[in-house]
Amino acid sequence: MDTDNLVGTIRIRPSKIDSKTNDNWYRLKNKSFSDKSNKEIHIVYCFKGAGSSISIKDFELLKVLGKGSFGKVVQVKKKNNGRIYAVKILNKKDVVARNEIEHTLTERNVLVQVDSPFLVGLKYSFQSDTKLYLVMDYVNGGELFFHLQKSRSFSEERAKFYAAELILALQHLHEHNVVYRDLKPENVLLDNVGHVALADFGLCKEGIDKEDASTFCGTSEYLAPEILAGKSYGIEVDWWSMGILIYELINGTPPFYSKNTNQMYRNILTADLSFPKTMSEEAKSIVTRFLDRNPKTRLGCGKKGVEEIKEHPFFSNINWDKLLNKQLTPPFKPKVSTESDTSNFDPIFTNESLKPESQMSPVSPLPSSVQKIFMGFSFDGDKQFEDLE
């Protein structure tokens, strides 16, 4: 480097999101590479990944783990190293037809950005002419919903442990300006030790700043009243859902549940909370604070944010630092025999016959004009940028 003509230096931490344009002014460091100078430089850059050479042919399809309206989740084994993953396979035509493009791309983007011990991690994403693939950690302890159905309800201590880890998961998402919007037992997985891993980020909303969202979405039992009322909302809706979840884990059913959906919505908007006598005062208190119909005074939504939740008496025996580092022993350990064990997943899915992708009926690809929507979808976790300090 010719330092005689060197004006200054900068260090840029590149965004890991494909095709995101960055337009900023940067303060230069002087020739000594330490102190900042009074000079600035304007740089516009766009990071474009080299693309992933990985395809579904690199994986052996093992068992179906779950199915949705326009895709399925399959347990797979990577052929070159034998590692077990879960791959979410989405049909492009169904994604487009159901107007789920934004949700699908958001799920991929959120998975790339976040990194928490209590969130399912993305390893790879890639596509074919007809399908999208998200290869994620295989969390083999099963859904929290599966275990809740077997137990009917959990002790307060067990419910508290799961809630505390999920609070850390939501805190991480909120710090990245992401509102989750779909907290429920079906979207919470347990690992082989018993720690939680929040999954399924299809309903997430990125770039949330205060009350930026207005879409009516989520699962009926867990919808916050401001969503039902058609008001703008933000991360506050996740804390409402946390109150519903804690109540359900302890009592077996959500507090406002009704077989009639319209009646359930009326309950969410106006019904009084009722608690069984077996619930502790601390549990009643935290559920009541989370289920405050005024999002401005709801627990976790004030100036102290998530710290207000952590300081609530319900969590008085939780060491949050140890919890974050997984140094607390979970109250329940799933029965897991091997890395590929699927016994904690619904046999309705795992017993389903699974054809190799090459034997499936061919589907005509989308036109190139529509394919462009999915440009930049590929991601290879083995080739991420190392963070610059």
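Annotation for the stretch 245-321 versus the stretch 75-131: alpha-carbon center distance of 32 Å. Sorting TRP239, TRP25, TRP320 by the number of Cβ atoms found within 10 Å of their own Cβ, with the fewest placed first, yields TRP25, TRP320, TRP239. Listed by Cβ neighbour count within 10 Å, with the fewest neighbours leading, HIS176, HIS147 appear as HIS176, HIS147.
In what sequence do ASP129, ASP58, ASP292 fall when counting other Cβ within 10 Å, fewest first?
If I rank by nearby Cβ atoms, fewest first, I get ASP129, ASP58, ASP292.
Placing unit charges on the Cβ atoms only, positive for Lys and Arg and negative for Asp and Glu, gives the stretch 144-324 a dipole magnitude near 520 debye about its Cα centre.
Sorted largest first, the principal axis extents computed over the alpha-carbon atoms of the stretch 94-161 equal 47, 27, 19 Å. Projecting the Cα atoms of SER155, VAL76, HIS103 onto the charge dipole of the stretch 56-157 (Cβ charges, centred on the Cα centre) puts VAL76 farthest toward the positive pole.
Its relative contact order, with pairs defined as Cα atoms under 8 Å and 6+ residues apart, puts the stretch 144-324 at 22 percent. Between the residues ALA169, LEU203, TYR257, the greatest Cα displacement towards the positive end of the dipole of the stretch 144-324, with unit charges on the Cβ of Lys, Arg, Asp and Glu, is found for TYR257. Take every Cα pair under 8 Å whose residues are at least 6 apart in sequence, average their separation, divide by the length of the stretch 256-389, and the relative contact order is 9 percent. Put simply, the stretch 266-383 fits an ellipsoid with semi-axes of 42, 25, 21 Å; these come from the alpha carbon gyration tensor as the roots of five times its eigenvalues, largest first.
Calculated over the stretch 144-272, the projected area of the Cα convex hull averaged across directions stands at 7.9 nm².
Computed from the coordinates by the stated procedures, all read-outs in this text should not be read as laboratory data. Since the structure is predicted, the reported quantities are computational estimates derived from the model, not experimental observations. Positions of Cβ are backbone-derived with ideal geometry, glycine not excepted, and every protein chain shown enters the neighbour counts.
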